1. Answer yes or no: is there a residue in the stretch 80-88 that is among the polar types (S, T, N, Q) and over 16 Å from P16 (Cβ atoms).
2. Give me the pairs, please: first residue somewhere in the stretch 65-89 and in contact (Cβ under 8 Å) with a residue 12 or more places away in the chain, second residue anywhere and open to solvent by 40 Å² or more (accessible area, probe 1.4 Å) and charged (D, E, K, R), beta-carbon distance under 8 Å, and either six or more positions apart or on two chains.
3. Which residues, taken from the stretch 53-75, are at pLDDT below 95 and more than 15 Å from V10 (Cα to Cα)?
4. Quickly run through the stretch 55-104 and pick out the residues that are hydroxyl-bearing (S, T, Y), in contact with a Lys or Arg (Cβ under 6 Å, 6 or more places away or on another chain) and within 23 Å of T7 (Cβ to Cβ).
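The values are calculated or read from the model by the stated rules, or taken from the named source; none is laboratory data. Nothing here was measured: the structure is a model prediction, and the numbers come from that model. Don't worry about glycine lacking a Cβ; one is built from the backbone with ideal geometry, like all the others, and counts go over all protein chains shown. These area figures cover heavy atoms from the full protein model, side chains too; ligands, DNA and RNA do not enter into them. Shrake-Rupley method; radii C 1.70, N 1.55, O 1.52, S 1.80 Å.
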Amino acid sequence: GVGIGMTAPVSITAFPAEDGSFQQKVKVSLRIPSQFQESPPCPTDESIKIEERQGMTIYSTQFGGYAKEADYVSYAAKLKAALGSDAAYRKDFYLCNGYDPPMKPYGRRNEVWFVKE
């Protein structure tokens with residue numbers, strides 16, 4: 001019964017297939033606003049879960065525009081190439097983050113995160 005406005009970033013956990021594309025399964029995460037952190041409202045839809053994301057160290061790249069799956073896949077590949085084989089990070093998933101509302105046409109910010117092991 002509590003309305004919570006959109007928060008940023010909207011974070012999509014992508015589970016890459018062998019060719020780098022997203023598998024059918026993705027997880028979309030929204031940040032709970034500060035005033036609800038201590039006691040978040042209970043979801044009425046059982047498919048919605050409240051999870052606490054632990055602190056993490058990430059490798060990140062940023063890009064602009066209206067991001068589509070192909071953009072996230074492309075920038076993930078560029079980040080992977082830039083890191084080379086020496087960097088230790090989770091290979092089974094990565095995070096795709098968008099920071100802007102759909103009606104913002106310019107100066108958009110998107111990021112790909114690899115979680116350091």
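1. There is at least one residue in the stretch 80-88 that is among the polar types (S, T, N, Q) and over 16 Å from P16 (Cβ atoms).
2. G65/D71; A87/K116; A88/K116; A88/E117; Y89/K116; Y89/E117
3. Those that are at pLDDT below 95 and more than 15 Å from V10 (Cα to Cα): Q54, G55, A70, V73.
4. Across the stretch 55-104, the qualifying residues are T57, Y99.
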